[in-house]
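Quick notes on the structure that follows.
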Amino acid sequence: MRGRSVALFEDRPVIGNLTKGVLRVAPSILRAKADAYFDSIIAQAQAWPIKDVLVIKGEALSQAAIRAMRKAFPSARFTLYFWDAYLNMPRDSRKKVALFDRVLTFDPRDAAQDRRMTYRPLFYVEDEARPVVAEQDIDLLFFGTMHGDRHAVLKRIERVLPKHLQFQKVLYLPASWLYPVRALRDPTLLWGSARDFIYAPKTKAEIAILTARSRIVVDIERPVQRGYTIRAIEVLRAGRKLITTNPEMANADFYNPANIAIVDRKAPKFSEEFLHMPYEPPPAEILQRYSLDSWLDEVMPQTR
């Protein structure tokens, strides 16, 4: 990374939805296993001249493990970046902030309420987000993981769309057996279409092609979040219009009512004019602000 050697480790001892759920509900169950995992990382990294430790979210990283890292690398700068909201993370997340030299968050509400943190939105990756040339044969597109009220919101949006517009939905579930389980909590799934659901994730190339074929992309954030989703940032780079349920988008420096329609997730509506007006490209400096290079400049300034 920019001429520096980097060692990369997962922030959890085991990757998976079950582990994620346990960390949020009862992190103590995995505490011993997680601490042993981070002890092994410290043992490996002590052989290297560590100047910076960057933690991305760090759900499984306990306060004791952070203190152990600081003891092992006393001259390193410790930076923490939250790409999630406090309300959607383990309960001890706030307590970790004081243990870092710098903490940044993608959520503007959290940054305003916790002055120890700096607000810094997410980014696009240039090689992955470079616009793809394709015929625009999809009017509206949604693609993302099926969670929360997303399907219900999509059905509400579909009901207020002009009938002649094509609305393609790609909803990901990790397993087919989850469909009936989710339907117990969200009855709108019973009236959904099986072709809207996939059980293997799309590749980045496939997503790029779908985005290129679309005139408008729909973005539905978790209700507990206010940060711009990475989907919204990628759509900005791809030069496509956006319909979003995130009211915070009105404060974005790239907000343009010709390009972005903010809708109420409970009662969405938008003008016919928005659906058909042409896209207005943002200034180059705005696009640069949301690049990975710009994110690195702010999160990991090279002052050392």
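Give me a count of the residues in the range 66-84 that are surrounded by fewer than 20 Cβ atoms within 10 Å (Cβ to Cβ) and either under 21 Å from SER40 (Cβ atoms) or of a type in the set (A, V, I, L, M) (or both).
9
Restricting the first residue to the range 184-205 and requiring it to be free of Cβ contacts under 8 Å to residues at least 12 places away in the same chain, which pairs with a second residue that is outside any loop (DSSP other than H, G, I, E, B) meet a Cβ separation below 7 Å and a spacing of at least six or different chains?
From residues that are free of Cβ contacts under 8 Å to residues at least 12 places away in the same chain, the pairs are LEU190/ALA183.
Can you name every residue in the range 97-115 that is exposed (fewer than 14 other Cβ atoms within 10 Å of the Cβ) and closer than 20 Å to MET249 by Cβ?
ALA112, GLN113, listed by residue number.
Only one residue in LEU30, LEU54, LEU18, LEU61 is crowded, with 17+ Cβ neighbours inside 10 Å, modelled with pLDDT under 80 and on the phi < 0 side of the Ramachandran plot, so which one is that?
After applying the criteria, what remains is LEU30.
Can you list the helices (runs of 4 or more DSSP H) found entirely within the range 29-108 that contain at least 2 residues being among the aliphatic types (A, V, I, L, M)?
Of the helices (runs of 4 or more DSSP H) lying wholly inside the range 29-108, those with at least 2 residues that are among the aliphatic types (A, V, I, L, M) span 31-45, 63-72.
When both residues are 6+ apart or on different chains and their Cβ atoms are under 8 Å apart, which pairs have a first residue that lies in the range 157-174 and is modelled with pLDDT of 90 or more, and a second that is of a type in the set (Val, Ile, Thr) and surrounded by fewer than 16 Cβ atoms within 10 Å (Cβ to Cβ)?
Pairs found: VAL170/ILE198; LEU171/THR145; LEU171/ILE198; TYR172/THR145; TYR172/ILE198.
So if I check each of ILE198, ILE209, which one is at pLDDT below 95 and under 27 Å from ASP293 (Cα atoms)?
Exactly one of ILE198, ILE209 is at pLDDT below 95 and under 27 Å from ASP293 (Cα atoms), namely ILE209.
If a residue has to be in a helix (DSSP H, G or I) and closer than 15 Å to PRO281 by Cα to count, how many in the range 231-252 make the cut?
The qualifying residues number 7.
For ASP297, work out the one condition from (1) within 26 Å of LEU87 (Cβ to Cβ); (2) not hydrophobic (A, V, I, L, M, F, W, C); (3) not assigned by TED's automatic domain parsing to the domain that holds HIS164 it doesn't fulfil.
Evaluating ASP297 over (1) within 26 Å of LEU87 (Cβ to Cβ); (2) not hydrophobic (A, V, I, L, M, F, W, C); (3) not assigned by TED's automatic domain parsing to the domain that holds HIS164 leaves (1) as the failure.
In the range 171-189, is there at least one residue being in the same structural domain as THR245 (by TED's automatic domain parsing), assigned to a helix (DSSP H, G or I), within 20 Å of the chain's Cα centre (by Cα) and of a type in the set (Val, Ile, Thr)?
No; the residues of the range 171-189 include none that is in the same structural domain as THR245 (by TED's automatic domain parsing), assigned to a helix (DSSP H, G or I), within 20 Å of the chain's Cα centre (by Cα) and of a type in the set (Val, Ile, Thr).
Which residue pairs have Cβ atoms closer than 8 Å, lie 6 or more positions apart in sequence or on different chains, and pair a first residue in the range 29-55 that is within 17 Å of SER5 (Cα to Cα) with a second residue that is small (Gly, Ala, Ser) and in a helix (DSSP H, G or I)?
Qualifying pairs under 8 Å: ILE42/ALA68; ILE42/ALA72; ALA45/ALA72; GLN46/ALA72.
Is it the case, given these coordinates, that ARG150 is of a type outside the set (Phe, Trp, Tyr) and either closer than 26 Å to LEU275 by Cα or not assigned by TED's automatic domain parsing to the domain that holds ASN246 (or both)?
Yes: the conditions hold for ARG150.
Does the range 216-230 contain at least one residue that is in contact with a His (Cβ under 9 Å, 6 or more places away or on another chain) and either in the same structural domain as VAL153 (by TED's automatic domain parsing) or assigned to a helix (DSSP H, G or I) (or both)?
Within the range 216-230, one or more residues are in contact with a His (Cβ under 9 Å, 6 or more places away or on another chain) and either in the same structural domain as VAL153 (by TED's automatic domain parsing) or assigned to a helix (DSSP H, G or I) (or both).
If THR118 passes every condition in (1) touching a strand residue (DSSP E or B) at 6+ places or on another chain (Cβ under 7 Å); (2) crowded, with 21+ Cβ neighbours inside 10 Å but one, which one does it miss?
Just one mismatch for THR118, condition (2).
Return a yes/no flag: does the range 129-137 have any residue that is under 30 Å from PRO174 (Cα atoms) and surrounded by 17 or more Cβ atoms within 10 Å (Cβ to Cβ).
The answer is yes, given that some residue of the range 129-137 is under 30 Å from PRO174 (Cα atoms) and surrounded by 17 or more Cβ atoms within 10 Å (Cβ to Cβ).
The values are calculated or read from the model by the stated rules, or taken from the named source; none is laboratory data. In this text the structure is predicted, and so the values were computed from the model without any measurement. As a convention, Cβ positions derive from the backbone with ideal geometry for all residues, glycine included, and neighbour counts pool all protein chains shown.
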